[in-house]
């Protein structure tokens, strides 16, 4: 009995550690691409994408929105939930921060690779130090990479 309890505890502990490690793995630009795809494929089933694209909020606001959508029937895998959340957070970060200095149309018209976006966002954010952290630069660059050639969705 004692061995079974210890084994069960070990299995539970390993599963929690694995889940925690997965949630804290660094995001790649591919996660943003998959997040955009999951967002578009799943959210369009119930409503247009216009409202969530125009909405600007912080992480807590997007968590609340995605939780509300899940409670009304939206179904995403754990991985896709994280990817959609990070995509929408990065989108809002782009809209809120980049619009401080210029319009959003010009960057949305550009189609660059991830590394080129990192260089651009880093250069732009250097004009307003402390505006974006390195993690946020990566996120905005991931969003802009994932956006691809899509323009109409964002304005």
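Couple of notes before you dig in:
- Any hit, region 76-85, residues being crowded, with 16+ Cβ neighbours inside 10 Å, touching a helix residue (DSSP H, G or I) at 6+ places or on another chain (Cβ under 6 Å), free of Cβ contacts under 8 Å to residues at least 24 places away in the same chain and assigned to a helix (DSSP H, G or I): no
- Of all residues in region 42-75, those satisfying the criterion of being more than 27 Å from residue 104 (Cα to Cα) and either surrounded by 14 or more Cβ atoms within 10 Å (Cβ to Cβ) or in contact with a strand residue (DSSP E or B) (Cβ under 7 Å, 6 or more places away or on another chain) (or both) are 69, 74.
- Within region 22-35, the set of residues being more than 15 Å from residue 78 (Cα to Cα), modelled with pLDDT of 90 or more and touching a helix residue (DSSP H, G or I) at 6+ places or on another chain (Cβ under 8 Å) comprises just one member, 33.
- Residue in region 98-115 that is surrounded by the fewest Cβ atoms within 10 Å (Cβ to Cβ), counting only those that are part of a helix (DSSP H, G or I) and under 19 Å from the mean Cα position of the chain (by Cα): 115
- Residues of region 52-75 satisfying the condition of being part of a helix (DSSP H, G or I), over 19 Å from residue 146 (Cα atoms) and out of contact with any helix residue (DSSP H, G or I) (no Cβ under 7 Å at 6 or more places or on another chain): 60, 61, 64, 65, 67, 68, 69, 70, 71
- In region 116-132, the residue that is nearest to residue 27 (Cα to Cα) out of those that are under 19 Å from the mean Cα position of the chain (by Cα) and not in a helix (DSSP H, G or I) is 132.
- Of all the criteria given as (1) free of Cβ contacts under 8 Å to residues at least 12 places away in the same chain; (2) over 15 Å from the mean Cα position of the chain (by Cα), the one not satisfied by residue 135 is (2).
The values are calculated or read from the model by the stated rules, or taken from the named source; none is laboratory data. These numbers were taken from a predicted model, which means no experiment stands behind them. Glycine gets a Cβ as well: all are built from the backbone with ideal geometry, and neighbour counts include every protein chain shown.
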